[in-house]
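Undergrad: Below: one structure in structure tokens.
The values are calculated or read from the model by the stated rules, or taken from the named source; none is laboratory data. The structure presented is a predicted model; accordingly, all values stated were derived computationally and were not measured. Positions of Cβ are generated from backbone atoms using ideal geometry, with glycine treated the same way; all protein chains shown enter the neighbour counts. Areas reflect the complete protein model, heavy atoms only, side chains present, ligands, DNA and RNA absent. Shrake-Rupley method; radii C 1.70, N 1.55, O 1.52, S 1.80 Å.
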Amino acid sequence: MAGIVHGGKFEQKMNELSSPNNIAATAKKFAELEKQHGPYSFGKFVKLFIREPDEIADWDKHSGDIPEPIRQRLAEIISTNLRSATPLPVVLNVGDNVDTTHELLVKTFAHNGYIYIGIHMLCPNPELK
């Protein structure tokens, strides 16, 4: 997954869509997409939310490497938040793990008067492959 993130356009776009200023509109669009396309699963709407091809280049290739339990947990966090009456802003950070595994760290935190959901996705360290 390192090829599309680490401060890259995908991560930036997801953080923009999930910012305090945009989270309500993102949740509304999410609800509309679920009505049109059925319940959300990991990555199901990424191409409908992010229409600029260079911002999701290689999405399928890189996201396919994420283990199923982590994919399910991400889908649960995202969908539960976006379906809630008061969705929280989200900060996504993707980086290299210290080993060759995927790992997901999730926590809530306060910053500048907002409560955020922090999602830190750790991907296999490319230096160890």
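Matching residues to (1) hydrophobic (A, V, I, L, M, F, W, C); (2) within 16 Å of the chain's Cα centre (by Cα):
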site	(1), (2)
Ser18	no, yes
Asn21	no, no
Glu32	no, no
Tyr40	no, yes
Val46	yes, yes
Trp59	yes, yes
Glu76	no, yes
Gly118	no, yes
Cys123	yes, yes
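Undergrad: Can Ile115 be described as out of contact with any Leu (no Cβ under 8 Å at 6 or more places or on another chain), of a type outside the set (Asp, Glu) and open to solvent by 30 Å² or more (accessible area, probe 1.4 Å)?
TA: No, not satisfied.
Undergrad: In this structure, does Arg71 turn out to be part of a loop (DSSP other than H, G, I, E, B) and either at pLDDT below 80 or not hydroxyl-bearing (Ser, Thr, Tyr) (or both)?
TA: Judged against the criteria, Arg71 is not a match.
Undergrad: Also, I was wondering about something else. Looking at (1) farther than 25 Å from Cys123 by Cβ; (2) surrounded by 12 or more Cβ atoms within 10 Å (Cβ to Cβ), can you tell me which one Ile66 breaks?
TA: The single condition Ile66 does not satisfy is (1).
Undergrad: Let me ask another. Every residue in the stretch 35-59 that is in a helix (DSSP H, G or I) and either among the aromatic types (Phe, Trp, Tyr) or touching a residue at least 12 places away in the same chain (Cβ under 8 Å) (or both), please.
TA: Of everything in the stretch 35-59, those that are in a helix (DSSP H, G or I) and either among the aromatic types (Phe, Trp, Tyr) or touching a residue at least 12 places away in the same chain (Cβ under 8 Å) (or both) turn out to be Val46, Lys47, Leu48, Phe49, Asp54, Glu55, Trp59.
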